[in-house]
1. Putting +1 on Lys and Arg Cβ atoms and -1 on Asp and Glu Cβ atoms, find which of A35, Q134, G79 reaches farthest to the positive end of the dipole of the chain.
2. Report the Rg/Rh value for the chain, based on alpha-carbon coordinates and the Kirkwood definition of Rh.
3. Give the order of D88, D124 when sorted by the count of other beta carbons within 10 angstrom, beginning with the fewest.
4. How long is the gain from R111 to D68 if the chain were fully straight, where each residue apart is worth 0.36 nm and the alpha carbon distance is subtracted?
5. At what distance in angstrom do the alpha carbon centres of region 17-64 and region 157-194 lie from each other?
6. When you count, for each residue, the other Cβ atoms within 10 Å and take the mean per peptide, how do 191-200, 152-161, 32-41, 72-81 rank with the highest first?
7. Under 30 Å Cα-Cα from K208, which lysines qualify once same-chain neighbours fewer than 8 residues away are excluded?
8. Quick check for me: using +1 on Lys/Arg Cβ and -1 on Asp/Glu Cβ, what's the dipole size of region 7-96 about its Cα centre, in debye to the nearest 20?
Amino acid sequence: MVATVCFIGASTMAGAGDEDGLGWPGRLRRMIPKAEENFTFYNLGVRGNSSTMIAERWRAEIAARLPDNAPGWIMLTMGNNDAAEFEDGTLRVPLEKTLANVRGIVAECSRWRRTLWISPTPVDEGKMPFYSRQLGKNLTFRNARLGDLATRFAAIAAEFDAPYFDLFSKLRADADWARAIRLNDGLHPDGSGYEAIARHVHGWDAWKAEVAKAA
């Protein structure tokens, strides 16, 4: 039976900035032998979504695509938009609200279906501020704050035994990613950056285990 994989997140999940329109889920799919025969991928990334917004929509959107009796799993990422700083220094989502949101999502999600959770991604601070067309405001993203979220998320994942991938640390050391965000808007990469994400996720043991079970 074909396994369904639902990818839930925001703009870096959706593939904003990718000239080929694939994002990293589409590029990851191309790395799987016989993917067309064995898998259905749904990219449920929505540009500009914070954890508050993801909390409001994830269950209904996934349930419509991944029935309880069907094989498959969930790929989850969030946090970058929460960490956005407005010009007055306030955060788009306060830290404690972000942690409460993600704890609630991961608790419910991991009880319901196999859930693989991926950290926020680093930015090029030299390209800040970033103008958000969704909000009509300038936003600043800082790697210290995103790295802190990645660490805090790892601790929450451990509470629920949810496989967690520190993509933030992987990409901070990845020259392809650094170049891809520098040449784009500092937050979203071009296609080469999404290829870098796909490469890292493709090598993650938790991902490989799920693919092997379904293939």
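No lab work stands behind these numbers, since they all come straight from the coordinates. No experiment lies behind these values; they were computed from the predicted model shown. Neighbour counts are summed over all protein chains in view; Cβ atoms, including those assigned to glycine, are modelled from backbone coordinates with ideal geometry.
1. Of the candidates, A35 comes out farthest on the positive side.
2. Ratio value, two decimals: 0.94.
3. D88, D124
4. Result for the pair: 14.3 nm of gain on full extension.
5. Answer, in whole Å: 16.
6. So the order, starting with the most tightly packed, is 72-81, 191-200, 152-161, 32-41.
7. Hits, sequence-local ones excluded: K34, K170.
8. 420 debye
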